[in-house]
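See below for the structure under consideration.
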Amino acid sequence: MRIIALSDFHGSSIAVDKAARVAAGETADLMLIAGDLAFHSIDSAFSILQKLSSSRTPILYVPGNMDVAELASLKHPDVSKCIHGRCERIGDFSFVGVGGAVKGPFMTPFESTEEEIQVTLQKAVENCKNTKLVLVSHAPPKNTSLDLTRSGAHVGSNAIRSFIETKQPILVVCGHIHEARGTDKIGRTVILNPGPAQNWFYSLIELTDNVDVKLLEFI
């Protein structure tokens, strides 16, 4: 399966147009979006999903902490599906998601407690049976290179890390920490932050029994 992974558009129309062209040009099987499509606007997020859908690439996404929580239940175009608290099976893989971020000092629109994140993940995975698991989360897991801020603080989610350690998904796609673009591992799980799409970053993933990741930039 050939996957385009994206996160953190923050309403950039240029990034959205570039992402749609790349997805069509790469003939990707799937687009994964790890949140922060827009700024506090469900209308803007809906418009972005519509533009990305023009590539005709199926889209699975979760909201980010800068998206409104209502995005998780948005009636969106047929080609895109929100997997916050849900499991979506495609072939041999099951994709589960959790949006938003851990509650912090900035009081952004979509924040959750660690307990709420844990419950959402449990709900998402309970219908995934006998398939390879992929997690899409806006927030990164705690204590990896992908939750490390410029100040040196690890600001990821303990609940997401615990889920990874317990369920060992083959792949995790996250975002949120713009400066933490890259890959890491927890056990056998490959964890990817493709970098902020608003800065023209994305990733291309070849997903089989193994995970091959390329960190790329729009041109």
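Name the residue, out of GLU165, GLU111, GLU88, whose mean-square fluctuation peaks in a Gaussian network model built on the chain with Cα pairs under 10 Å. In the Gaussian network model the winner is GLU165. Taking the chain as a Gaussian network, Cα atoms linked when under 10 Å apart, which of ALA38, ALA24, ALA153 shows the biggest mean-square fluctuation? Of the options given, ALA153 has the highest mean-square fluctuation. Here the relative contact order of the chain, from alpha carbon pairs under 8 Å that lie six or more residues apart, stands at 21 percent. Taking the dipole about the Cα centre of the stretch 158-219, with the C-beta of Lys and Arg at +1 and of Asp and Glu at -1, give me whichever of THR166, VAL213, TRP200 is farthest to the positive side. So the residue furthest toward the plus end is THR166. Electrostatic tally near GLN198: other residues with Cβ closer than 10 Å to its Cβ, Lys and Arg +1, Asp and Glu -1, net -2.
Span-like helices, the chain: DSSP H, alpha-carbon axial extent 15 Å or more, mean Kyte-Doolittle -0.5 or greater, which ones? If you can, show how the numbers build up before the last one.
On the way: long enough: 13-25 (18 Å, 0.68); 42-53 (16 Å, 0.66); 114-125 (17 Å, -0.30).
Those that clear 15 Å and a mean of -0.5 are 13-25, 42-53, 114-125.
Taken about its Cα centre, the chain carries a charge dipole of about 280 debye when Lys and Arg each add +1 at the Cβ and Asp and Glu each add -1 at the Cβ.
Between ARG188 and GLU70, the modelled label-to-label distance comes to 4.3 nm, taking each label 7 Å out from Cα in the direction of the beta carbon. From most to least packed by mean Cβ count within 10 Å, the peptides 79-85, 25-31 give 79-85, 25-31.
Sparse packing (at most 12 other Cβ atoms within 10 Å of the Cβ) combined with a DSSP loop state is found for the following chymotrypsin sites (Phe, Trp or Tyr not before Pro) in the stretch 93-199: PHE106.
The label point for ARG2 and the one for THR208, both projected 7 Å from the Cα toward the Cβ, are 1.4 nm apart. Taking 0.36 nm per residue of separation and subtracting the current Cα-Cα distance, fully stretching the chain between VAL79 and LYS129 would add 15.6 nm.
Here, each number is a calculation from the coordinates, and none is a lab measurement. The structure presented is a predicted model; accordingly, all values stated were derived computationally and were not measured. Using ideal geometry, Cβ is built from the backbone for each residue, glycine included, and neighbour counts are taken over all protein chains shown.
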